[in-house]
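Okay, structure first, notes after.
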Amino acid sequence: MIRFHGVSKRYDTGQEALSRVDFHIERGEMVFLTGHSGAGKSTLMKLIMLMERPTSGQVIVGGRNTERIRGNGIAHYRRDIGVVFQNHQLLFDRSVFDNVALPLQVAGFQTADIGRRVRAALDKVGLLHKEKLKPITLSGGEQQRVGIARAVVNKPALVLADEPTGNLDPDLSAEIMTLFRQFNELGMTLMIATHDIELTQRMNKRVMSLEHGRVLAGGNPS
Ligand SMILES: Nc1ncnc2c1ncn2[C@@H]1O[C@H](COP(=O)(O)OP(=O)(O)OP(=O)(O)O)[C@@H](O)[C@H]1O
């Protein structure tokens, strides 16, 4: 699903965020990405999202060399990737329903189809009864679940989550991880960046660790 071949990323500031990174994630895997602050986790995910481009090396996603994905192709490519952030990035003047519907509207789905899919996603994260509320009235854990529903509503093959439990207490973090595991069991490939080593140990999934822009361990399926 994702292959990095000798990927380096140097920002314009001269900072080398990734240095000759090689790894492979198979379709259907759930992999944690860990490492100290500044190790390069977000940069690695931005390269997969085509928000940044490598200075050298190849990023292959779903069998496609992303170097060749340009212009209009980028939006199309991103439709098959769900993204979850630590700070939700929800629209606070829209309802829960509208927030989750957003990716489907952008992709041009029919209204009836949108309703069906949004409710299915909200049901999976246990928030069907809150579809009319504004996100501001929800707890942090609920807001994060809205963010997750939005990330998966399009049934993407790949979900990237950057510190999805960063602001949550241990019980809520475990709940979010259970959700991710359920999506993984449905066949989605997941990559989850986290500082929470204890949480990753409990999940019993592959852990890939970065240190100063290099893969320290766990770069390949066991
Ligand atoms: N846009 C940018 N311009 C310049 N340097 C950057 C940029 N983004 C990240 N960096 C630098 O690249 C390195 C890797 O940053 P990155 O955000 O990928 O790390 P991270 O492992 O996600 O860290 P954290 O856990 O703190 O989010 C850091 O030294 C950071 O300062």
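A short reminder: the numbers here are calculations on the coordinates, not readings from a lab. Keep in mind the model is a prediction, meaning the values are calculated, not measured. Note that we place each Cβ from the backbone using ideal geometry, even for glycine, and neighbour counts take in every protein chain shown.
In sequence order, segment 6-15 has phi-based couplings of x, 8, 10, 9, 10, 6, 4, 6, x, 5 Hz under the Karplus curve 6.51 cos²θ - 1.76 cosθ + 1.60, θ = phi - 60°, and Gly or Pro positions carry x.
May I ask for the equivalent-ellipsoid semi-axes of segment 84-222, computed as the square root of five times each C-alpha gyration tensor eigenvalue and listed largest first in whole Å?
Largest first, segment 84-222 gives 28, 17, 13 Å.
When the Gaussian network model of the chain links Cα atoms closer than 10 Å, the mean-square fluctuations of 185, 52, 198 top out at 198. Remark on residue 80: its backbone amide H falls under 5 Å from none of the residues 5 or more positions apart or on other chains, H modelled at 1.01 Å from N. Comparing Cα centroids, segment 136-159 and segment 1-25 end up 28 angstrom apart.
Within 10 Å of each candidate Cβ there may be at most 12 other Cβ atoms; applying that plus a DSSP loop requirement, which trypsin sites (Lys or Arg not before Pro) in segment 123-222 survive? Intermediate values should be presented prior to the final figure.
On the way: sites: 124, 130, 132, 145, 150, 181, 202, 205, 206, 214; in loops: 132, 205.
Filter output for segment 123-222: 132.
Site-free segments of the chain were taken between chymotrypsin sites (Phe, Trp or Tyr not before Pro) in DSSP loops having at most 11 other Cβ atoms within 10 Å, sites themselves excluded; the longest one is 93-222. Charging the Cβ of each Asp and Glu at -1 and of each Lys and Arg at +1, and nothing else, the dipole of the chain about its Cα centre rounds to 700 debye.
Would you mind ranking 192, 114 so that the residue whose beta carbon has the fewest other beta carbons within 10 Å leads the list? Write out the running numbers ahead of the final one.
Working: 192 29, 114 19.
The most exposed by this proxy come first: 114, 192.
Remark: segment 22-38, residue by residue, has Karplus-estimated 3J(HN,Hα) of 10, 7, 9, 10, 7, 4, x, 7, 10, 10, 8, 10, 10, x, 4, 4, x Hz, where x stands for each Gly or Pro and the curve is 6.51 cos²θ - 1.76 cosθ + 1.60 at θ = phi - 60°.
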